1. In Å², and per residue, what accessible area does the range 3-233 have when probed at 1.4 Å with the other protein chains present?
2. Mind listing the phi-derived Karplus ³J(HN,Hα) values for the range 92-101, rounded to whole Hz, using 6.51, -1.76 and 1.60 with θ = phi - 60°, and x for any glycine or proline?
3. On a 0 to 90 degree scale, rounded to 10, what angle separates helix 182-199 from the longest Cα axis of the chain?
4. Tell me which residues come under 5 Å, amide H to amide H, from Ala34 once H is placed; ignore anything under 5 positions away on its chain.
5. Thinking of the range 113-153 as a set of Cα atoms, what percent of all their pairs are more than 12 Å apart?
6. How do Cys203, Cys74 stack up against each other in accessible area, from largest to smallest, with a 1.4 angstrom probe?
7. Work out from phi, with θ = phi - 60° and the Karplus expression 6.51 cos²θ - 1.76 cosθ + 1.60, the ³J(HN,Hα) of each residue of the range 57-70, listed in order in whole Hz, and give x for Gly and Pro.
8. Under a GNM of the chain (C-alpha, springs under 10 Å), which listed residue has the highest mean-square fluctuation: Ala161, Ala108, Ala132?
Amino acid sequence: MTPLLRAQDVVKAYSHRLPHDTPVLRGVSLELAAGEFVALVGPSGAGKSTLLHLLGGLDMPDSGTIELWLDGRCYRYGELPDGERARLRNRAIGFIFQAYHLLPELTALENVMVPALLAGLSWKQALQRATALLERVGMRHRAEHRPAELSGGEQQRVAIARALVNRPVLVLADEPTGSLDSANAALVLQLLHELQRDFATACILATHSPEVARAAVRQLYLRDGRLSPMAEIA
Ligand SMILES: Nc1ncnc2c1ncn2[C@@H]1O[C@H](COP(=O)(O)OP(=O)(O)O)[C@@H](O)[C@H]1O
Ligand SMILES: [Mg+2]
């Protein structure tokens, strides 16, 4: 197995919570192989979003280590200056959120182009990649539309294209179907699967729904600040 991501003994508390409160994450360890599709399951408030933020380097744990392998090198987040961590994130990781988080003033196409431009691609390269991805997610005909002119399912498809534009090794999807009706949710899940297969991108899908989690090959259950394989719970 080619390792991609490893978290060891990750602890995270929010400092403005009560001083004697137990941390949200109380020693979380996990390993993810390149190209693997894993569901992170747990009830609302269990700490799924918190963990995804840490795994994506958007926030730092109180203790524990998180490492990401890229091009044969191992990057330990805690040892990277903020700027370097941000560059690594932009290059290696795609994020998908429940509320899409598209920029409202930009068209669908521009939204997909932004991370590519930030990564240093030329306008022409970014345009080509973004157009191809919009085609891939079935949204090319909506390229010039702004988010407000798109349905939730359409916005999430644009967000998926945006997450993939820098050809990430890892996609972190936080309740990506949480705001969608069941037909659109199924479409988005199918798309995530196809893209993970076609681009060999690993994916961690956070969801409170055991049914959505079944779409993944492996399930990890987050409860009481710790992770366990789904089988140990059932
Ligand atoms: N920025 C924050 N400041 C303080 N508490 C937070 C913050 N983010 C999350 N929490 C708390 O941490 C716990 C876990 O939240 P979260 O990671 O969002 O869980 P989930 O995504 O599983 O619903 C909750 O009790 C939540 O209220
Ligand atoms: Mg959440």
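The values are calculated or read from the model by the stated rules, or taken from the named source; none is laboratory data. Since the structure is predicted, the reported quantities are computational estimates derived from the model, not experimental observations. All Cβ positions, even for glycine, are placed from backbone atoms using ideal geometry, and neighbour counts span all protein chains on display. SASA here: full protein model, heavy atoms, side chains in, ligands and nucleic acids out. Shrake-Rupley method; radii C 1.70, N 1.55, O 1.52, S 1.80 Å.
1. Ligands and nucleic acids excluded, the figure is 48 Å² per residue.
2. 10, 10, x, 10, 10, 10, 4, 9, 6, 6
3. It is inclined by approximately 90 degrees.
4. Those lying under 5 Å, H to H, from Ala34 are Thr2, Leu4.
5. Tail fraction, whole percent: 62.
6. Details: Cys203 5, Cys74 60 Å².
Solvent-accessible surface, decreasing: Cys74, Cys203.
7. With coefficients 6.51, -1.76 and 1.60, one gets x, 7, 9, 10, x, 6, 8, x, 10, 10, 10, 10, 9, 9 Hz.
8. Highest fluctuation among the options: Ala132.
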